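Here the structure comes first, spelled out in structure tokens, and everything after it is commentary.
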Amino acid sequence: MSRISTVLTTVVATTACVCAAAPTAAASDPVVSRGVTIPAFYTPPAELPSGNGVLVRHEPLPLGLSLPGLDGRPMPGTATRLMYTSTASTGERVAVTGAYIEPSARWKGDGPRPLVVVGSGTMGQGDQCAPSFALQYPLTLNGQTVSIAYEDLAIYRILATGAAVVVTDYVGLGATDRVHTYVNRVDQGHAMLDAARAARSVPGASVTADSRVGLYGYSQGGGASASAAELHGTYAPEIDLVGTYSGAPPADLTEVMKGIDGSALAAALGWSINGFVQAEPDMREVVNEHVNATGLAALKDISTTCVGDAIFGYGFTKSTKWTKSGKSVAEVIAGEPRAQAVLDKQRLGTLKPTGPVRLATGVQDDIVPHAQSRQLAVDWCTKGADVTYKAVRLPNLGDKILTNHLAPLITDQGDAIAWLTDRLRGEPTGSNCGTMPYQR
């Protein structure tokens, strides 16, 4: 399926910002998403090599935030833009983009330099929102789209430990041949695991097949890292997965849908629908039957937005405006077994994750509801997994305005990275599943 995009304007890019320039209209123009020209690198070739995690192409990636080191090497490291192969939930081989960063910091632990696979939190659905693009342009602001590279802080903190980092753009975010399959469990899990495979093939990379691997993600990334840990044993058992951090994971999309609807991030409901419409014929039929003209126009527009412009354009929108019946999207899906089955397939917690997992969730989180994230920890504990569960207790910072969801991202970040670094060093950890009944 072709990527939903409209040629708008070309742009002039600086190292810190993407800014608008004069429009053009030539039919041969490259892909442009909300005024941002997507580099030709992100357009997959007509044919992909066989295998998963196979490097398709690579090129140097200038980091937008970088300092010269005393030894002549840039800090925090040297980045390479990647395109690699993966397998989507449909069984189709797909191209995924991302970035590998070789750190300047020395690894002080035993064994070869370890690798952390970072699954970014929600960036949007437009190709200009891709996490690898955000590493080069920490701020994209041109009057049509707004994207802030908020994950760069975590990435740079991980690099400071001496671990290498590979960042995945997920399926269809960056790569211009399809819509980003937002919160698709299999797509995200595979994309993270295949990023680890691809990192070993990057010229100059110090990580090897013997490197310990950790997974890191919050919000959308928390769901992705959780999925990767669950799928590891059958999809990529050769990877030495030693630890997974899953922050605020959207484990039960039926419940998450209710938290997102009418919130500042209401557009995320559209991102998920767009992705499932592309991959699931049953969801496509339900949308065609129940979504009105206003809703269809919104879904098309939302497909090219980043978080910033999505908040400005669709913040606090109620999905009742998008349906023919006036019911919410959650109510429509609940009444349509075909659509509910699609969401049920996305449920995390039905498989036991590989290795120790640290799961953290804010007790006040009302965007990715706390209860369903905690339930994932319970489900894993029931399966005998090694789970370190943390309930992040903060005051209520305002309902439905993202603050309750974003605050734990920052306040828990240091502890999360320290826990994961200990796993990369081979240090043991203990599960606190035994106290789950006494934890909120």
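The values are calculated or read from the model by the stated rules, or taken from the named source; none is laboratory data. From a predicted model like this one, the values you see are computed outputs, not experimental measurements. Here Cβ is always computed from backbone atoms with ideal geometry, including for glycine, and neighbour counts include all displayed protein chains. Keep in mind that these areas ignore ligands, DNA and RNA; they rest on the heavy atoms of the full protein, side chains included. Shrake-Rupley method; radii C 1.70, N 1.55, O 1.52, S 1.80 Å.
If the condition is being without any contact (Cβ under 8 Å) to a residue 60 or more places away in the chain and not in a loop (DSSP other than H, G, I, E, B), then segment 36-70 contributes T37, A40, F41, V56, R57, E59, P60, L67, P68. Every listed requirement among (1) in contact (Cβ under 8 Å) with a residue 60 or more places away in the chain; (2) over 16 Å from K258 (Cα atoms); (3) outside any helix (DSSP H, G or I) is met by Y389 save one, (1).
Tell me, yes or no, whether segment 187-195 has at least one residue that is among the hydrophobic types (A, V, I, L, M, F, W, C) and farther than 21 Å from S272 by Cα. The answer is yes; a qualifying residue exists.
Only one entry of G434, G426 meets the criterion of being more than 20 Å from G121 (Cα to Cα) and part of a loop (DSSP other than H, G, I, E, B), and that entry is G426. In segment 294-377, counting only helices (runs of 4 or more DSSP H) that sit wholly within it, the ones holding 3 or more residues that are open to solvent by 10 Å² or more (accessible area, probe 1.4 Å), farther than 22 Å from T244 by Cα and of a type outside the set (A, V, I, L, M) span 307-314, 337-344. The residue of segment 119-165 that is farthest from S246 (Cα to Cα), among those that are open to solvent by 20 Å² or more (accessible area, probe 1.4 Å) and among the aliphatic types (A, V, I, L, M), is L141.
Scanning segment 107-138 for residues that are more than 16 Å from the chain's Cα centre (by Cα) and either at pLDDT 95 or above or among the β-branched types (V, I, T) (or both) yields W107, P112, R113, P114, L115, Q136, Y137, P138. Of all residues in segment 202-221, those that are among the small types (G, A, S) and touching a Leu at 6+ places or on another chain (Cβ under 8 Å) total 3. Any residue that is in contact (Cβ under 8 Å) with a residue 40 or more places away in the chain and within 23 Å of the chain's Cα centre (by Cα) - is there at least one of those in segment 286-300? Yes - at least one qualifying residue is present in segment 286-300. Of all residues in segment 174-213, those being open to solvent by less than 20 Å² (accessible area, probe 1.4 Å), without any contact (Cβ under 8 Å) to a residue 60 or more places away in the chain and assigned to a loop (DSSP other than H, G, I, E, B) number 0.
Taking the criterion of being touching a Gly at 6+ places or on another chain (Cβ under 7 Å) and among the hydroxyl-bearing types (S, T, Y), the residues of segment 171-194 that qualify are T181, Y182. Screening V7 with (1) at pLDDT 95 or above; (2) among the hydrophobic types (A, V, I, L, M, F, W, C); (3) touching a strand residue (DSSP E or B) at 6+ places or on another chain (Cβ under 6 Å) gives one miss only, at (1). If you go through segment 378-392 and keep only what is closer than 23 Å to L241 by Cβ and open to solvent by less than 20 Å² (accessible area, probe 1.4 Å), you end up with W380, A385, V387, Y389.
Residues that are surrounded by 20 or more Cβ atoms within 10 Å (Cβ to Cβ) and assigned to a helix (DSSP H, G or I): does segment 393-405 have at least one? Within segment 393-405 (the criterion being surrounded by 20 or more Cβ atoms within 10 Å (Cβ to Cβ) and assigned to a helix (DSSP H, G or I)), the answer is yes, since at least one residue qualifies.
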